[in-house]
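Chemist: My questions will all concern the structure given below.
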Amino acid sequence: MDVRSRWPPGRPVGASLMAVFGRAFPKIHDLYLGRAVLGSVLLTWAVLLGLDLMLGLVSEVGDIGKGNYDFPKAVAYMAFGTPWRAYNLFPTAAVIGALMALGQLAASSELTALRAVGLSRRRLSLTVAGALAVLTLAMVVNGETLAPWGQRQAAALKASAKSNDLIVARYSGLWAREGAVILNAGGGDERDNGQDRWLELRDVSLYEFEPDGRLKSMAVAKVAEHRPGGWLLRDVTRTAFGERSVSRQQVAQERWESRLDTAALTAGMAKPRYMPSPEVKAVIDYRQRNGLDAGDFEEVYWGRWFYALNALALVLAAIPFAFGSLRSGGLGKRLFIGIVFALAFWLLQTQFVRLAQVYKFDFRLAYLLPTLIMVMVSMALFHRRSG
């Protein structure tokens, strides 16, 4: 191939080389563009995460000195929470990083060169989405594994340090409902003997009611253990209330047939967004089974399912602002508008989710409608762009 014969006059060397090799090797542009986008996104992500960690550490200064909570523990607390912060910041970093990468390629005429060799805007957009899909998948896995674990470790570390106690009762003052039975526990912890792991509640009271609301019986147990086989109550004093009589019985131990589990009990204390999706789904089933409001957990659960779709749709919705004739100028303006357009997506979706909570319609619809609206608007802008 005679490179000089393919060298358009007046075109920058980088753009001309891109055009020549783009014709010779059709797949090179995918690797080149994907690497440029990933590099820009990772850099943007690192900057945003660093700033967020610095601000978070500054906010922890006010708690330093309470109990055993000192500066090293504050740093450890922030370190445990880093995966969750990265999970939340990724969609924003993806939008800004992708637009900055395309803007740099456009400024050096490399984007024009890629278009000149016959690569459509749709092909370029799919290449960007494909590159970001790898990071999106990694964040989905992180959001179900490392991020929730890190948040729990961070909360336990801070609570333990501030209370001057290495073992903190996570289930203190717990109230829960299972059918016609209401449970109250004075405290409790998760136990582990190296082979088995179970939940142990202390000073447990079980109140069983008739369908008409009359108290049927009350059981007081010193210890209630939740093991794989179910609940085991120890040192139980059970009081039964008849229409005109009261009877009392004491037993060393008895089983309580209940589907109430650790995930449902944890729901009263743990924030839904810090729980893995299987645990969130278990809490939703428990609350719906007992006629309780599960809106907060449904919002988090379906938000996890739509996370990957939203992140990629957000980037694709902003990409049309990176295209256009460079001769018209205003590249920085287009990038700014693209970023604002993409961030407006999150505001729109937040409003739809809030409306779903208030008017009790399906959260799946609340998450999907804003995505469809933004994609349709983006497609209209995409076909109007030239260059």
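Chemist: When you check Val315 against the structure, is it modelled with pLDDT of 85 or more, among the β-branched types (Val, Ile, Thr), open to solvent by less than 70 Å² (accessible area, probe 1.4 Å) and out of contact with any Gly (no Cβ under 7 Å at 6 or more places or on another chain), yes or no? If you could, list the steps in order and put the result at the bottom.
Modeler: Details: modelled with pLDDT of 85 or more: no; among the β-branched types (Val, Ile, Thr): yes; open to solvent by less than 70 Å² (accessible area, probe 1.4 Å): yes; out of contact with any Gly (no Cβ under 7 Å at 6 or more places or on another chain): yes.
No, not satisfied.
Chemist: Which numbered condition in (1) modelled with pLDDT of 80 or more; (2) closer than 26 Å to Leu314 by Cα; (3) open to solvent by less than 40 Å² (accessible area, probe 1.4 Å) is the only one that Ala106 fails?
Modeler: Tallying (1) modelled with pLDDT of 80 or more; (2) closer than 26 Å to Leu314 by Cα; (3) open to solvent by less than 40 Å² (accessible area, probe 1.4 Å), Ala106 fails exactly one: (1).
Chemist: Listed residues Ala138, Ala98, Ala79; which is surrounded by 14 or more Cβ atoms within 10 Å (Cβ to Cβ), part of a helix (DSSP H, G or I) and out of contact with any Ser or Thr (no Cβ under 9 Å at 6 or more places or on another chain)?
Modeler: The match here is Ala79.
Chemist: Next question. For the structure I just gave you, tell me whether Gly291 is modelled with pLDDT under 75, more than 19 Å from the chain's Cα centre (by Cα) and either over 30 Å from Val134 (Cα atoms) or aromatic (Phe, Trp, Tyr) (or both).
Modeler: Spelling it out, it is not the case that Gly291 is modelled with pLDDT under 75, more than 19 Å from the chain's Cα centre (by Cα) and either over 30 Å from Val134 (Cα atoms) or aromatic (Phe, Trp, Tyr) (or both).
Chemist: Are any residues in the range 157-175 modelled with pLDDT of 75 or more and either loosely packed, with under 15 Cβ neighbours inside 10 Å or touching a helix residue (DSSP H, G or I) at 6+ places or on another chain (Cβ under 6 Å) (or both), and if so, which ones?
Modeler: Answer for the range 157-175, where residues must be modelled with pLDDT of 75 or more and either loosely packed, with under 15 Cβ neighbours inside 10 Å or touching a helix residue (DSSP H, G or I) at 6+ places or on another chain (Cβ under 6 Å) (or both): Leu157, Lys158, Trp175.
Chemist: Kindly provide the set of residues from the range 61-76 that are surrounded by 17 or more Cβ atoms within 10 Å (Cβ to Cβ) and part of a helix (DSSP H, G or I), ordered by number.
Modeler: Lys73, Ala74
Chemist: Okay, moving on. Is it fair to say Glu208 is modelled with pLDDT under 85 and within 23 Å of Gln288 (Cβ to Cβ)?
Modeler: So Glu208 does not fit the description; no.
Chemist: Here's a follow-up. Val236 is checked against (1) in contact with a His (Cβ under 9 Å, 6 or more places away or on another chain); (2) at pLDDT 90 or above; (3) of a type in the set (A, V, I, L, M) and fails just one. What number does that condition carry?
Modeler: The failed condition is (1).
Chemist: Continuing with the same structure: Please verify whether the range 258-279 includes one or more residues that are at pLDDT 75 or above, open to solvent by 70 Å² or more (accessible area, probe 1.4 Å), basic (Lys, Arg) and assigned to a strand (DSSP E or B). Even if it seems obvious, please write down each step before you answer.
Modeler: Residues of the range 258-279 that are at pLDDT 75 or above, as a first pass: 258-260, 272-279.
Checking which are open to solvent by 70 Å² or more (accessible area, probe 1.4 Å) leaves us with 259, 273, 278.
Of the ones still in play, those that are also basic (Lys, Arg) are 259, 273.
From what is left, the residues that are assigned to a strand (DSSP E or B) are none.
So far as the range 258-279 goes, no, none of its residues is at pLDDT 75 or above, open to solvent by 70 Å² or more (accessible area, probe 1.4 Å), basic (Lys, Arg) and assigned to a strand (DSSP E or B).
Chemist: Could you say whether any residue in the range 84-102 is within 28 Å of Val340 (Cβ to Cβ) and over 26 Å from the mean Cα position of the chain (by Cα)?
Modeler: yes
Chemist: Also: Going by what's in this entry, would Leu232 be described as open to solvent by less than 20 Å² (accessible area, probe 1.4 Å), aliphatic (A, V, I, L, M) and either over 27 Å from Ala366 (Cα atoms) or assigned to a strand (DSSP E or B) (or both)?
Modeler: The answer is no for Leu232.
Chemist: If you check Arg115, Arg123, which single one turns out to be open to solvent by 10 Å² or more (accessible area, probe 1.4 Å), touching a residue at least 40 places away in the same chain (Cβ under 8 Å) and charged (D, E, K, R)? Steps first, answer last, please.
Modeler: On the way: Arg123 fails: touching a residue at least 40 places away in the same chain (Cβ under 8 Å).
Exactly one of Arg115, Arg123 is open to solvent by 10 Å² or more (accessible area, probe 1.4 Å), touching a residue at least 40 places away in the same chain (Cβ under 8 Å) and charged (D, E, K, R), namely Arg115.
Chemist: With the structure loaded, tell me whether Arg122 is closer than 30 Å to Asp30 by Cβ, outside any loop (DSSP other than H, G, I, E, B), modelled with pLDDT under 85 and of a type outside the set (A, V, I, L, M) or whether it fails that test.
Modeler: For Arg122, the condition - closer than 30 Å to Asp30 by Cβ, outside any loop (DSSP other than H, G, I, E, B), modelled with pLDDT under 85 and of a type outside the set (A, V, I, L, M) - is met.
Chemist: For the range 194-229, give me each residue that is of a type in the set (A, V, I, L, M, F, W, C) and open to solvent by 20 Å² or more (accessible area, probe 1.4 Å).
Modeler: Correct list: Trp198, Phe209, Leu215, Met218, Val220, Val223.
The values are calculated or read from the model by the stated rules, or taken from the named source; none is laboratory data. Source: prediction; values computed, not measured. Neighbour counts run over all protein chains shown; Cβ positions are idealised from the backbone, glycine included. SASA here: full protein model, heavy atoms, side chains in, ligands and nucleic acids out. Shrake-Rupley method; radii C 1.70, N 1.55, O 1.52, S 1.80 Å.
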